[in-house]
Each structure stands twice: as C-alpha cells, then as structure tokens.
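Step one of this worksheet: look at the structure below.
The values are calculated or read from the model by the stated rules, or taken from the named source; none is laboratory data. It should be emphasised that the depicted structure is a prediction, and the values quoted were computed from it without experimental measurement. Here the Cβ is made from the backbone with ideal geometry for all residues, glycine too, and neighbour counts use every protein chain on show.
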Amino acid sequence: MSDAPAIWFPAVRTDTGTDVFTERLAAKLGAHGLRTAITWLPLRAEYAPWTVHVPTPPEWATICHINTWLHPRFIPPRLPVVATLHHSVHDPALHPYKGWLRAAYHRRWIAPIERRGLQRADRLIAISRFVAEMARRTLRDVPMDVIHNGIDTVQFRPGSRKRMPGEAFRLLYVGSWMARKGVDLLPLIMRELGEGFELHYTGGPASRRDKPGMPANMHDIGRLSSDGVIAAMQNTDAFLFPSRSEGFGLAAAEAMACGLPVIATRGSSLPEVVEDGVSGLLCPQDDVAAFVRAIRHLATDTTAWREMSSNAVARVHAMFSEDSALTAYLQVYRNVLDMSRGETP
C-alpha cells in the first residue's frame, strides 16, 4: 500500500464557491503527485438524495473528503472521512434575512445532515474560526481544526490601474445578490457618496428587481468568469463588501490579493481576513454612514490607500496562500491515514 493519500471527493454540484474549493484543492493535490477524483452529484442530491444513485468509491481511494452538507447516503461506510465546514448558515443573527422557507430548510433538513456528518467524520476542518465556533454552538461541540481557504496568488495579483486626477473612485462588489450579503445597503451607500464614486457589481438576474431604485453611479457587470473577476479587481480602487455573514470571505481575500483595500462589515469571519486600518476598513453592520466615511477616507488619502493596498497583498501571501492551505490539508490526510492504520500521527 502506498503511503501517499489518495483522495475521493463526492460532491454536489451547486455552482457556488464550494465547487471552486473542491476543484482547486483536487487540482493542487494532483499537481503534487497525489491521486484524486471528484464525483459530481446533481443538485437534487442535496434536497432529494433518495432520487440519486449512490456512487461507488474508486478502488484506489484511501480517504473520502466531503462537504458537511453532503447527505449521509453518499458517505462511504469503510473509508476514513475528512469533512470541511464551509458555511455558518445556522448563525441566529441571520434569521431575519433568510425568509421562513430557507430558515426551515436549514433548521430541519441541513442541520440534521450536518450533525450526522460531523459525527461520522474522522477529522473536521472549518474554513474560519467563526465557522468552527458557530458549528460548536449550533450543531455539535466536537474538535475541529481551522484551515482558511487558499488564494491562487499567481492569478489573483495586482494590476496596473492608476486613478487619474478627476476620475471617479471605483468600487467593486462581487458576490451573490441576497440580503445576507448586505446588497440592500449598496444603493444607500452609493447614493450618499454621489458624484466622484462608482460601484461595479455582479448583480445579474437576481438584482434586476432592485434596479429601479438604484442610483446612476451603480453599474451591473453581470455574472463573471474567474478571469473576469480578476480583470474587474485589477481595474478597481477598493472592494466594498457589506456582508452580514461570511463563512470565510473568499471574494474579499481575492480582492486583497489584487491589491484592493477592503471596506467590509466588522462581523462574522471578516475580521479574520481584513485587518482593520491595515489592509482595509471594517464598519459596524448596516451602518451606511460608517461605510461612506471609510470609502471617502480611502478616496481622499492616497497615502493610506497605498499602504493598505500593499498590506492587503502581503497579508494574503502570508496567511491565505493556496500552498499554505495545501500543506495543512496534506498533513490532515496523513494523520487520518495513520489513525486508520492504527499508527500514532
């Protein structure tokens, strides 16, 4: 038996950041010589798992790596399991922003699935300290490690944009168009900022219902590919992220890697990503006036903007690089294999 871990990822295709996480991790493991495979399940496997055939693990696989939302039906009984917690949807502070149907789905369907997954897993990984603490409070108080999501700092890197005198200070929002992300605050902030400021946002179809009330300095750039996100970040002055809850804040970290100071909410996992006053500015949740002041400060104080831009890049390289995340996961896999073989890690 080879000592190298061989990882199988059974995963539900959701077209969200969890898909990107799985794809990037599998690719990085493969580039380091490990055997990996992803078995994608249709979205209905999340809410109607009995309608989906249970895949057979590859014969060569020695570890199964899952998202904690994966229904137990798809978790193999004999392979050691590593489970990653990506979300903090059970945070009580989110209840006012969910709607009754989504709240019931999370409470009565997803939470029991996650509790069973947390009990089954041989090793649990949370993508932030916030996610780990929320899981302990709302799901199951069990040991878990924190491995922050890794950023590809080769692709996500500063561009060459230089704001010309008299040019508008350009802000960017990248994320889903939902209340949890604080998108309802964006028009309020931009209306208060007025001339001299513009916001490009990835609204897409979900934002169209809100467009009639949006000020003229907001511009919908649609849904972007990964390359499109990078190009947008490299052609922007700062990243605006008034999200009310983030498991990690991947978009904020990617923006920092591109040299953007981040103006974000002081809450959930975001203080783990953005150092207030160092790599960005953190504002109280829902405080439109505070966001406006922070943005104006960056727009008018070139020295502060330049220092935060440089600090943002340095922080991502030091704390959130893909190589650091990969090293941490490799150690987890080796420890799990050692334990499954009766060895002391």
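Side notes on the structure shown:
- Among residues of the stretch 51-67 being outside any loop (DSSP other than H, G, I, E, B) and out of contact with any His (no Cβ under 9 Å at 6 or more places or on another chain), the one that is nearest to GLY117 (Cα to Cα) is ILE66.
- The stretch 62-79, residues that are more than 22 Å from SER128 (Cβ to Cβ) and buried (at least 22 other Cβ atoms within 10 Å of the Cβ): THR62, ILE63, CYS64, HIS71
- Output for the stretch 275-299, where each listed residue is of a type in the set (A, V, I, L, M, F, W, C) and not in a loop (DSSP other than H, G, I, E, B): LEU281, LEU282, CYS283, VAL288, ALA289, ALA290, PHE291, VAL292, ALA294, ILE295, LEU298, ALA299
- Long-range neighbours under 8 Å by Cβ, at least six apart or interchain, first residue within 14 Å of SER243 (Cβ to Cβ) within the stretch 280-308, second among the β-branched types (Val, Ile, Thr) and part of a helix (DSSP H, G or I): PHE291/ILE189
- Residue tally, condition assigned to a helix (DSSP H, G or I), buried (at least 17 other Cβ atoms within 10 Å of the Cβ) and within 19 Å of the chain's Cα centre (by Cα), over the stretch 107-148: 7
- Residue count for the stretch 194-219, restricted to those that are closer than 30 Å to ASP152 by Cβ and crowded, with 17+ Cβ neighbours inside 10 Å: 9
- Within the stretch 271-280, the set of residues being crowded, with 24+ Cβ neighbours inside 10 Å and either within 18 Å of VAL229 (Cα to Cα) or not small (Gly, Ala, Ser) (or both) comprises VAL273, VAL274.
- Pairing residues of the stretch 203-222 that are under 15 Å from LEU185 (Cα atoms) with residues that are assigned to a loop (DSSP other than H, G, I, E, B) and acidic (Asp, Glu), at Cβ distances under 9 Å and at least 6 apart in sequence or on separate chains, gives ASP210/ASP184; ASN217/GLU195.
- Identity of the residue in the stretch 300-342, assigned to a loop (DSSP other than H, G, I, E, B) and either touching a helix residue (DSSP H, G or I) at 6+ places or on another chain (Cβ under 8 Å) or on the phi > 0 side of the Ramachandran plot (or both), that ends up modelled with the lowest pLDDT: GLY342
- Summed over the stretch 298-322, the residues that are exposed (fewer than 14 other Cβ atoms within 10 Å of the Cβ) and of a type outside the set (Gly, Ala, Ser) give a count of 5.
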